[in-house]
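Data first, discussion second: the structure below is written as structure tokens.
The values are calculated or read from the model by the stated rules, or taken from the named source; none is laboratory data. Since the model is a prediction, treat every value here as computed from it, not as a measurement. Here the Cβ positions follow ideal geometry from the backbone for every residue, glycine too, while neighbour counts run over all protein chains shown. Just so you know, the surface numbers come from the protein's heavy atoms only, side chains and all, with ligands and any DNA or RNA stripped out. Shrake-Rupley method; radii C 1.70, N 1.55, O 1.52, S 1.80 Å.
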Amino acid sequence: MKISAINIQNFRQYYGNIHFDLSPEENKNIVLIGGRNGYGKTTFLISIVWCLYGEKISQVDENFKKEIQKEKNYSQFMRESLNSTAKSESQNSFSVKLKITELDLPQMNISSLIIKREFNYITMTESLSIIDFNTNQELFIDNEDKINFINDFIIPLDAAKFVFFDAEKIAALAELSTKEEGNILNDALGKILGLDIFEDLIEDLGVYCNNLKKEVANQNIQDQINDREENIRINKKEIEKYDEDIAEKTKINIKTKSKIQEYENYINQNGNNGIDESNREIFLNQRTELEETKNKNEDNFNELSELIPLAILAGKLEEINEQLLLQELNETTGNFSSEINDKIGIFIERLFNQAPEPEESSFTLKDKMFYYNKAQNLSSEIFEEKKEQIELSFEHDLNNSEKKIINDVINLINTQSKELFESTMDNYNSSKINLIEINRKINRIDANVVDEFTREQIINKENAEHILEDNLKQIGAIEEKKEKLKKDNIRLNIEYQNLLQKIDITQANKTKFQKTKEYIDVLQTFVDSQKSAKKESLEKNILFELKKLMHKLQDEKLDSKFISDVSVIILPDNGGMKVTLFDSNGEEVKKEKLSSGEKQIYISCLIKAILNESIQSLPIFIDTPLGRLDDEHIKNILLYYYPDLSEQVIILSTNNEITPRRFKDIEHNVSKTYLLENDGKKTDVKSGYFKNNEL
């Protein structure tokens, strides 16, 4: 499948009807689009993603989500997407049209089609069309059918982040938690392997099982279940609102930072009229360093902040732990004493009251009782280990999992020394105080300025800095509220599942429930087996690509110290996959400790390994392809990565990333080149890449 052409009309920077022919040629799979920053490369990528997914664009990737959030929400994003020149000419709509070719749809007898999405600025309505290229007939009437068709036969939504991506920003995937990374790999691999249909069916059958239980729940349980569902829904809505608030404040911060820079530039150029500028420049450099240190210390402090309340309670937790140990000791002592007494009783019983007995025994019952009691007392005195139980004023009623949580918390606190807490807080406070002092020195120098306008710029800059600082604090507070709501939803989901477990299925629904469970088990076994079958090929392909691209792995001296093996683990409970890198000593190479360039290389190799498993060839669109890479890595990427990444690769690059000189390295793989030009209001496109004299 190929996206062989795109028409962008009045969408953001693109005024009028802008056409790109993206079709590759034989043995030439790369289309190269050049443009300076701000000229429309990212907009080009967004236009395609919007055309395919509409309001679901924010679900494709965090970076696309941020683009939407810059305008607060999707509706506002749409409102701001009509090109300003077109708007001034009273044009009311914008659109993006894609030509899709080489489709394999024999059941529909279609090999090429047009997907067009249009938005009307006046009515605030959006329309989607999917048209057979040969007959010019609309394929679907219902909008839901159009969405499903794109997801099932063009590019699945969950796989889109690996098809349309900013190569520099996607490196952040290397820093995800195991759960987050697992979910992304699970979604992408499921779509690419075609397993998503089965996973969706498993989920639907699970919902059906839950509904069978909910049907027969008593009113009390039903009320509790409904309460959990409603609270989860409200929390999700509140999280969305917080996201919008953060986006709004972030948008203000971007503008505020720009203003601060303008004020700063003016003050630096005009501020001191005859005053020695060198001291001010030194202080400005010191302030920049201190701000970086403060931000680092702030991050360290935030990482430890979750442990601080637990550290404060460490003494109490230790007391609880000691109490639990004493309870266990009492229980063990009681059990031991009881066991000894039972054995002594059995021994004496067998000695005096069970055969055989001496012939013509003259033992009376009274004699037997005497020796029975004496034997019991002597046995207790000799054999029983005297362990007095400790008297406790109360006992904690905790199960094993709750005891384990307390133990884990204590161990976690113990690993974080008191000195670490204190040094982190001291460093944070010290950098903050030093920053205040440096700002005072700069303000004293600026106070000597005689020019009134410059003095006004200083005041404006200070006010802008206050606004920025206040906004950052507010964003931090909102983020904290968001995290609380997310944790609350986790708790509510656990309670929801626990409530379902309490419900006994009726006899009438029992057969349905059991049969559905059987279907779920069979489907899950199939999905797991398919993923397991791909495990080894993923490991092999990731390592193969890493060795091709990472120069450390091509250096014999470093080879033994760096990555020598890759492990892919299937996570339980449909949690996806975890990729682990190992050196030659079998030690894990932490992905978060890789350099920025190495992270980008690793994610690029992971993407390629996943795409190798695809049931169909997908076009790949890459923005900022080489941003964080050094020269050697850039050369490896250009020579050994893009030429066989996919049958169709569209690269959006600046002249700093793929210079005209570097372009020559891949020229024999390039089918078409375009250059974006912008006059401040609109972007035009012309054939060709940057001029050869531009480096």
Subject >> Calculated on alpha-carbon atoms, Rg and Dmax of the range 618-695 in Å >> reply: 12.9, 38
**OP:** Work out how much length N285 to K517 would gain on full extension: take 0.36 nm times their residue separation and subtract the Cα-Cα distance, in nm to one decimal.
**Re:** 77.0 nm
Original post:
Taking the simple approach of a point 7 Å from Cα along Cα-to-Cβ for both H668 and L201, what is their distance in nm?
Top reply: 4.8 nm
Original post:
Of K236/K599; K66/K87; K65/K146, which ones are farther than 26 Å apart at the Cα?
Top reply: K236/K599
**OP:** Evaluate E = 1/(1 + (r/R0)^6) for N220 and K65, where r is the Cβ-Cβ distance and R0 equals 25 Å; express this FRET efficiency to the nearest 0.05.
**Re:** 0.05
Original post:
Looking at the square roots a ≥ b ≥ c of the eigenvalues of the Cα gyration tensor of the range 447-552, which shape do they give, rounded for a/c under 1.5, prolate if a/b is larger than b/c, or oblate?
Top reply: oblate
Original post:
Any idea how far apart N373 and Q497 come out in nm if each label point goes 7 Å out from Cα toward Cβ?
Top reply: 6.1 nm
Original post:
Nearest 0.05, what FRET efficiency do E437 and I459 give at R0 = 22 Å with Cβ-Cβ as r?
Top reply: 0.60
Original post:
Can you pull the percent of the range 580-675's accessible area that's carbon plus sulfur, 1.4 Å probe, other chains left in place?
Top reply: 41 percent
Original post:
Taking 0.36 nm per residue of separation and subtracting the Cα-Cα distance, what length does fully extending K686 through D528 add?
Top reply: 52.0 nm
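For Cα pairs less than 8 Å apart in space and 6+ apart in sequence, what is the mean separation divided by the residue count of the range 633-687, i.e. the relative contact order in percent?
Taking the mean separation of contacting Cα pairs over the length of the range 633-687, I get 26 percent.
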Subject >> Theoretical gain in end-to-end length, S430 to D132 [0.36 nm per residue, Cα-Cα removed] >> reply: 100.6 nm
**OP:** With a ≥ b ≥ c taken as the square roots of the eigenvalues of the C-alpha gyration tensor of the range 79-173, please select rounded if a/c is under 1.5 and otherwise prolate if a/b is larger than b/c or oblate if it is not?
**Re:** oblate
Original post:
So which lysines can K510 reach, going by Cα to Cα under 27 Å and dropping same-chain residues fewer than 8 places off?
Top reply: K213, K214, K502
